[in-house]
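Chemist: One structure is given below, represented as structure tokens, and several questions about it will come after.
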Amino acid sequence: MNHADTALLSARLKNAGYELVDCCAENPDLIVLNSCAITAEAERKSRQQIRKLRREHPFARIAVAGCAAEIGGNKFLDCGADIILTNPDKKSFPDSSCAGLKSREIAVENFQEKSFSEFPFRTRAFIKIQEGCDNFCSYCIVPYVRGASRSRKFAECIADCHNAIKSGFPEIVLTGVNTCNYLDDGKNLCDLIKEIAAIPGNFRIRLSSTEPHPDDLSLAELIADPANRLCRFLHLSMQHGSDPILKAMNRKYSSEQFISFVKNIRELVPDIHIGSDFIVGFPGESEADFERLLEVVREVNFANIHAFAYSVRPGTPAAELPDQIPAATVKGRMKILTAAAKDTAVKFAYSQLGKELPVIFEQQRNGFLYGWSDNYLAVKVPEGRFSAGTIENIIADEKNLAENLKNCTLQSIL
């Protein structure tokens with residue numbers, strides 16, 4: 001989501017006459033940090049980065065945008081920022097009138113960005129299609145800082161994708177706070193994907209983190225049809241494996257519903273990469289709850305997991321819950337989950353050996369090309385055979401998938 005917001009900020013700055021330079025440039029006039037507040041650690045790192053930028057660039061104007069600016073603007077001013085941009089402010093930046101603006105009420109209607117995305121120094125086009133969230137999970141600050149769910153106008157989404165494809169990007173990543181909620185004038189996410197897939201060109205479409213209802217297999221059905229150009233990839237945020245914890249989190253499914261959902265997806269799309277997010281140490285999480293989480297991780301065999309230690313976000317219901325878990329306990333559980341996640345990730349990589357994978361190579365260094373398959377495996381090959389920035393088919397073997405198999409053998413994970 002922040003990549004997509006940054007792309008839109010970049011376009012507005014460029015259209016206003018700024019020249020976009022990389023982060024190592026000397027003597028920049030303006031630096032924009034697009035911040036995150038999903039965890040306390042993300043907010044802390046954003047403030048830390050502002051202090052670093054101020055030391056390195058004492059004469060630059062520094063603007064802080066994003067969710068951490070929304071809830072902690074004065075803290076960033078104390079760290080050395082000059083301009084605080086709330087989420088609504090970003091659409092009028094860099095108009096000097098938005099410097100110092102206070103947070104305004106966030107709109108709830110569908111929206112236009114009135115700008116196409118600009119992608120300096122990137123190999124994928126992150127296209128923002130949706131904003132806000134109505135789920136109000138008990139641990140999450142996002143609905144309070146990004147507002148209610150609303151969708152970008154259908155025609156503008158398509159135009160932004162046309163622009164990215166014309167610019168030569170081989171992968172379009174559709175992103176939002178909750179992309180599955182996309183709906184504009186009766187057209188949903190599936191309608192949007194089909195329209196994008198019909199654009200001429202050699203490209204593929206990837207979905208960022210999604211939260212489809214466990215009864216809705218429409219996305220999997222789209223992925224199963226190659227005509228829709230969708231990567232065999234779904235990142236489904238489960239958050240926990242214990243039903244009492246899921247209920248306390250205000251998640252809308254049981255663990256068995258989620259497991260059944262994944263099984264149905266894999267029947268429709270063999271070799272699909274299923275990733276997920278998990279929160280460790282949610283208030284009241286017992287040893288039994290954590291063991292159930294591990295059982296689910298091993299049963300589902302996720303291809304990748306993002307594990308987060310629970311972070312208290314003031315203003316959310318979970319912040320007031322009793323039985324907050326000691327930090328040492330959370331740290332120990334995180335270590336166990338991380339090890340289990342590595343095992344399931346390696347199992348998925350091994351399952352792809354000998355299969356043909358479409359890959360986009362993105363970087364060239366030290367005599368090798370590095371890229372990603374459509375089912376999100378890191379691929380490394382000697383340079384010279386393929387070109388960067390195009391979709392190439394390779395047969396997976398232990399050499400070109402070595403980045404996924406480091407320090408592991410098949411015997412060690414069976």
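The values are calculated or read from the model by the stated rules, or taken from the named source; none is laboratory data. Keep in mind the model is a prediction, meaning the values are calculated, not measured. Here Cβ is always computed from backbone atoms with ideal geometry, including for glycine, and neighbour counts include all displayed protein chains. The accessibility values were calculated without ligands, DNA or RNA, using every heavy atom of the protein model including side chains. Shrake-Rupley method; radii C 1.70, N 1.55, O 1.52, S 1.80 Å.
Chemist: Just give me the residues in the stretch 281-291 being within 13 Å of A340 (Cα to Cα) and either touching a residue at least 12 places away in the same chain (Cβ under 8 Å) or buried (at least 21 other Cβ atoms within 10 Å of the Cβ) (or both), in sequence order.
Modeler: Hit for the stretch 281-291 is F290, nothing else.
Chemist: Tally the residues that are among the small types (G, A, S), modelled with pLDDT of 95 or more and in a loop (DSSP other than H, G, I, E, B), restricting the search to the stretch 202-251.
Modeler: Here the count works out to 2.
Chemist: Considering only the stretch 363-379, state which residues are open to solvent by 50 Å² or more (accessible area, probe 1.4 Å) and assigned to a strand (DSSP E or B).
Modeler: Q363, Q364, R365, F368, W372, listed by residue number.
Chemist: Further question: Please go through the stretch 212-260 and give me each residue that is surrounded by fewer than 16 Cβ atoms within 10 Å (Cβ to Cβ), more than 23 Å from G201 (Cβ to Cβ) and acidic (D, E), ordered by number.
Modeler: Scanning the stretch 212-260 gives D215, D216, E221, E256.
Listed here are the residues, each with its yes/no results for (1) surrounded by fewer than 18 Cβ atoms within 10 Å (Cβ to Cβ); (2) touching a residue at least 40 places away in the same chain (Cβ under 8 Å).
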residue	(1), (2)
P314	yes, no
Q324	yes, yes
T344	no, yes
G389	yes, yes
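Chemist: Another one. Please state which one of E299, E403, E398, E356 is touching a residue at least 24 places away in the same chain (Cβ under 8 Å) and touching a Lys or Arg at 6+ places or on another chain (Cβ under 9 Å).
Modeler: Only one candidate passes the filter, namely E403.
Chemist: Could you give every pair whose Cβ atoms fall below 8 Å, whose first residue belongs to the stretch 192-204 and is polar (S, T, N, Q), and whose second residue is surrounded by 15 or more Cβ atoms within 10 Å (Cβ to Cβ) and part of a strand (DSSP E or B), counting only separations of at least 6 or pairs across chains?
Modeler: Partner pairs satisfying both residue conditions: N202/I391.
Chemist: Going residue by residue through the stretch 126-134, is there one that turns out to be out of contact with any Phe, Trp or Tyr (no Cβ under 9 Å at 6 or more places or on another chain) and either of a type in the set (D, E) or farther than 26 Å from D89 by Cα (or both)?
Modeler: yes
Chemist: Please verify whether the stretch 46-60 includes one or more residues that are among the hydroxyl-bearing types (S, T, Y) and either over 19 Å from the mean Cα position of the chain (by Cα) or open to solvent by 30 Å² or more (accessible area, probe 1.4 Å) (or both).
Modeler: No, the stretch 46-60 has no match at all.
Chemist: Just checking, does the stretch 167-182 include any residue being surrounded by fewer than 16 Cβ atoms within 10 Å (Cβ to Cβ) and without any contact (Cβ under 8 Å) to a residue 40 or more places away in the chain?
Modeler: No: the stretch 167-182 contains no residue that is surrounded by fewer than 16 Cβ atoms within 10 Å (Cβ to Cβ) and without any contact (Cβ under 8 Å) to a residue 40 or more places away in the chain.
Chemist: Let me ask something additional. When you check F126 against the structure, is it open to solvent by 20 Å² or more (accessible area, probe 1.4 Å) and modelled with pLDDT of 90 or more, yes or no?
Modeler: Criteria met by F126.
Chemist: Continuing with the same structure: In the stretch 298-312, which residues are touching an Asp or Glu at 6+ places or on another chain (Cβ under 9 Å) and either farther than 28 Å from D374 by Cβ or in a helix (DSSP H, G or I) (or both)?
Modeler: Those that are touching an Asp or Glu at 6+ places or on another chain (Cβ under 9 Å) and either farther than 28 Å from D374 by Cβ or in a helix (DSSP H, G or I) (or both): R298, A309, Y310, S311.
Chemist: Has the stretch 144-157 got at least one residue that is farther than 29 Å from T316 by Cβ, open to solvent by 20 Å² or more (accessible area, probe 1.4 Å), hydrophobic (A, V, I, L, M, F, W, C) and assigned to a loop (DSSP other than H, G, I, E, B)?
Modeler: Checked the stretch 144-157: no residue is farther than 29 Å from T316 by Cβ, open to solvent by 20 Å² or more (accessible area, probe 1.4 Å), hydrophobic (A, V, I, L, M, F, W, C) and assigned to a loop (DSSP other than H, G, I, E, B).
Chemist: Within the stretch 1-25, can you find the residues that are of a type in the set (D, E), closer than 15 Å to P94 by Cβ and in contact (Cβ under 8 Å) with a residue 40 or more places away in the chain?
Modeler: Within the stretch 1-25, just D5 meets the criteria.
Chemist: Is at least one residue of the stretch 315-334 in a loop (DSSP other than H, G, I, E, B), among the polar types (S, T, N, Q) and at pLDDT 95 or above?
Modeler: no
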